[in-house]
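The values are calculated or read from the model by the stated rules, or taken from the named source; none is laboratory data. Source: prediction; values computed, not measured. Neighbour counts are summed over all protein chains in view; Cβ atoms, including those assigned to glycine, are modelled from backbone coordinates with ideal geometry.
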2 protein chains.
Amino acid sequence: MMAKKDFQKEFSDFMLKAVSIPNVISFAGGMPNPISFPNKELKKAYSFVMDNHYKTALQYANTQGYIELRKIIAQRYKSKENINVEADDILIINGAQQGFDIISAVTLNDNDNVIVEAPTFLAAIQTFNLYNAKIHSVEINDKGINLDELKNILKKYKSKLFYTIPNFQNPTGLTYNNETRKIIADMIKKTNTILIEDNPYGALRFKGENQESFFNLLNEQVILMGSFSKTISPGIRVGWIASKNKEFMKKAIEYKQILDVHTSMPDQMAIAQYINNSDFDKHIEKIRKLYHKQCNAMINAIEKYFPKEVKYTKPEGGMFIWVELPKNIKSVELANETIKRNVAISPGDPFYNKKRNVSTFRLSYSNCSVENIDKGMKIIGETIDKMLKSK
Amino acid sequence: MMAKKDFQKEFSDFMLKAVSIPNVISFAGGMPNPISFPNKELKKAYSFVMDNHYKTALQYANTQGYIELRKIIAQRYKSKENINVEADDILIINGAQQGFDIISAVTLNDNDNVIVEAPTFLAAIQTFNLYNAKIHSVEINDKGINLDELKNILKKYKSKLFYTIPNFQNPTGLTYNNETRKIIADMIKKTNTILIEDNPYGALRFKGENQESFFNLLNEQVILMGSFSKTISPGIRVGWIASKNKEFMKKAIEYKQILDVHTSMPDQMAIAQYINNSDFDKHIEKIRKLYHKQCNAMINAIEKYFPKEVKYTKPEGGMFIWVELPKNIKSVELANETIKRNVAISPGDPFYNKKRNVSTFRLSYSNCSVENIDKGMKIIGETIDKMLKSK
């Protein structure tokens, strides 16, 4: 199963190595800011669980996940985002990333067609490749996705899955508007394709208005992926998948049981305890404000330091800005140059299934101070200038 | 991938349903006794981590696992069991069960041959079937395993894996003696087969002497699986695989990274903190004494209440006794009768890959009081008597 060459993995290793240099200013990772870690409240929550519910927390538990936590997630979907998720629709997993494996194992056979955005989250590409899927990429744009391309691919190939990150996408920061979502939902309804709506950043909107969830538009044809990684902690591995498709959920739970029985109960129970006993919305608001400030600082720095020919996205939430260099400058070469001056970026290549030597790259503003953003962006700007001159 | 009928799963569901009846005396599950849950010490440990190391605990972490925990595991292998494991040989996973998936994904192709004990742990059968392995079963006995059968299968089929639980096996409670281990190691050395040494109960020896680990006998041809589920908590999903085979470990870590990035850091760090700051050996000794007492109570009850024709194992540790009924009484029928009187047992069937309608069954003494053991065993004895008379 593991015979294939994993381009995405090689790239991650390369970037991780770069980022581990001391004093590097890193815009490369997708790390939440530690401001999002409510350690004092979590301490109380773990303590409460160990004092009062330890016989449940420390024993084997059911695979689907702690019912109180599933109720909280469902209730928040309804009250905050008007999404009709029930506790029974949810399977708790070890971070949303485990969802790729579970969904693939349950739905895919060798050579099945899968549609992804181009660019997209690299772990999705890795998993679909691991399951020997045929990956078809559709270009993402500032309204959502290239609808003609999507239509053609849906027509040409019976596709099992269409994987989307409709809010503040990783890596581009782009968001699908309501109109595009409705058109896509109508297209999908005419097929047997299941749409995966990955929404790890949805709560981190700092501008504009929430757009409608595919979960409401597509009923049994959608699987929602969610996570506390960006609002509480990625070190605690608690995420979920949710679907109204009973047959899929039954198989997903069976597979998860074989995979690792269930997700850590102290973690699930501590998160439930924390959300029920603190002002979680206020905590999220604090993260939103910080990321908004840092995003603005990064956009200001682009306008100040980058040549005018550079194109970039203006996210309304999340953690990422996507930049396109002029004159076919390769972003890998830019990354190799900036790291010499202790600034790390993510070249665009690993976010594509096949495209290489691209001119796009990802910047993350989530885990950098405004000062470091200015300092690092200046260096990137100077480096681009130098490369442009030598062209 | 999930198309196959999963006999083991159907059986587990049936048993879980039986066990959920209120006031049932259950010898069916494999649940540790809550006495093994050091909740007060864990509370301190989680609190310490959240106060002092929260930026590490709550952020994304490296896939291989928390280095301090890996050092503790390696050091304990050396000092307690004289097994030469280094921190670098270890990959931390979400409970040892995740090891089945990781090992299978990394080593198996469709139709590869895998050898298991008969009977064996049902989750192993499930995973190997999921990966479309050809499963060959070798009968377990009171010295270890039927060596002639093993020799024949190794000769006849190039086998990728040989899965063993050499200490207080699940479901039989049997242990391989040193002589058998050495003979098996010599056989394996002549092949390219990798031996999986699953040892979740090894620390729970309450009688006799430790036998030599395959890890020392087989060097790069062995993968060790271990867990804190039976000594600290199964609700905290922290286990590990360990191997000197560098190529295997590299692939295993890569696969785990795609699977779920890493295992919960608060859990890993709290366990490390707990072991470093309490008398873990004393804690294990407490569990051993309790299980010894309960095991003795169960054996006394067998001798008191079961007909003389019944055969059973006498474990030197762990959690299980394996019973064989006379005159081809089907253990499924026995289980269906005893549950009517609120006593649950595990029929032997799901512990075999293919054998059905067997006369063997598993009893677990770990999570029952001495009083309930006597009460429940009396009912099983009466039921067997009744079934024997109607034969």
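General remarks:
- Members of the stretch A:268-286 found to be buried (at least 19 other Cβ atoms within 10 Å of the Cβ) and in contact with a helix residue (DSSP H, G or I) (Cβ under 7 Å, 6 or more places away or on another chain), listed by number: A:268, A:269, A:270, A:271, A:272, A:273, A:274, A:275
- Here residue B:167 qualifies as touching a helix residue (DSSP H, G or I) at 6+ places or on another chain (Cβ under 7 Å), closer than 19 Å to residue B:222 by Cβ, part of a loop (DSSP other than H, G, I, E, B) and not assigned by the TED database to the domain that holds residue B:351.
- Being in contact with a Gly (Cβ under 7 Å, 6 or more places away or on another chain) and either surrounded by fewer than 22 Cβ atoms within 10 Å (Cβ to Cβ) or facing chain A (nearest Cβ under 10 Å) (or both) holds for only one residue in B:265, B:225, and it is B:265.
- Taken together, the residues in the stretch A:268-279 that are closer than 13 Å to residue A:90 by Cβ and more than 12 Å from chain B (Cβ to nearest Cβ) amount to 1.
- Matching residues, the stretch A:239-252, being in contact with a Gly (Cβ under 9 Å, 6 or more places away or on another chain) and either among the small types (Gly, Ala, Ser) or more than 21 Å from residue A:163 (Cβ to Cβ) (or both): A:239, A:242, A:252
- Residue within the stretch A:317-327 that is at pLDDT below 95 and at positive phi present: yes
- Qualifying residue in the stretch B:96-104 (condition: assigned to a loop (DSSP other than H, G, I, E, B), of a type in the set (Phe, Trp, Tyr) and closer than 16 Å to residue B:238 by Cα): no
- Selection of the stretch A:330-364 for residues being within 16 Å of residue A:311 (Cα to Cα), over 18 Å from the mean Cα position of the chain (by Cα) and among the basic types (Lys, Arg) yields only A:330.
- Scanning the stretch B:249-262 for residues that are of a type in the set (A, V, I, L, M, F, W, C), at the interface with chain A (Cβ under 8 Å from one of its Cβ atoms) and in contact (Cβ under 8 Å) with a residue 24 or more places away in the chain yields B:259, B:261.
- Selected residue (criterion: nearest to residue B:161 (Cα to Cα)) from residues of the stretch B:83-103 that are small (Gly, Ala, Ser) and within 14 Å of chain A (Cβ to nearest Cβ): B:99
- Within the option set B:246, B:304, B:308, B:289, being surrounded by fewer than 18 Cβ atoms within 10 Å (Cβ to Cβ), more than 30 Å from residue A:97 (Cβ to Cβ) and either within 14 Å of chain A (Cβ to nearest Cβ) or touching a helix residue (DSSP H, G or I) at 6+ places or on another chain (Cβ under 9 Å) (or both) holds for one residue only, B:304.
- Any chance residue B:375 is assigned to a helix (DSSP H, G or I) and under 27 Å from residue B:316 (Cβ atoms): yes
- Matching residues, the stretch A:141-163, being touching a Leu at 6+ places or on another chain (Cβ under 9 Å) and under 20 Å from residue A:111 (Cα atoms): A:160, A:161, A:162, A:163
- Whether a residue is within 11 Å of chain B (Cβ to nearest Cβ), touching a Leu at 6+ places or on another chain (Cβ under 6 Å) and under 15 Å from residue A:96 (Cα atoms) was assessed, and residue A:233 passes this test.
- Positions within the stretch B:27-62 being of a type in the set (Ser, Thr, Tyr) and modelled with pLDDT of 95 or more, in sequence order: B:46, B:47, B:54, B:56
- Of all residues in the stretch B:105-124 being closer than 15 Å to residue B:160 by Cα and part of a helix (DSSP H, G or I), the one that is farthest from the other protein chains (Cβ to nearest Cβ): B:124
- Considering residues of the stretch B:130-164 that are assigned to a strand (DSSP E or B) and small (Gly, Ala, Ser) only, the residue nearest to the chain's Cα centre (by Cα): B:144
- Within the stretch A:333-359, the residues that satisfy the criterion of being crowded, with 20+ Cβ neighbours inside 10 Å and under 12 Å from residue A:387 (Cα atoms) are A:334, A:335, A:338.
- Residue B:202 vs. criteria within 21 Å of residue B:86 (Cα to Cα) and either of a type in the set (A, V, I, L, M) or more than 13 Å from chain A (Cβ to nearest Cβ) (or both): yes
- When residue B:332 is tested against (1) β-branched (Val, Ile, Thr); (2) over 26 Å from residue B:21 (Cβ atoms); (3) free of Cβ contacts under 8 Å to residues at least 40 places away in the same chain, just one condition goes unmet, and that condition is (2).
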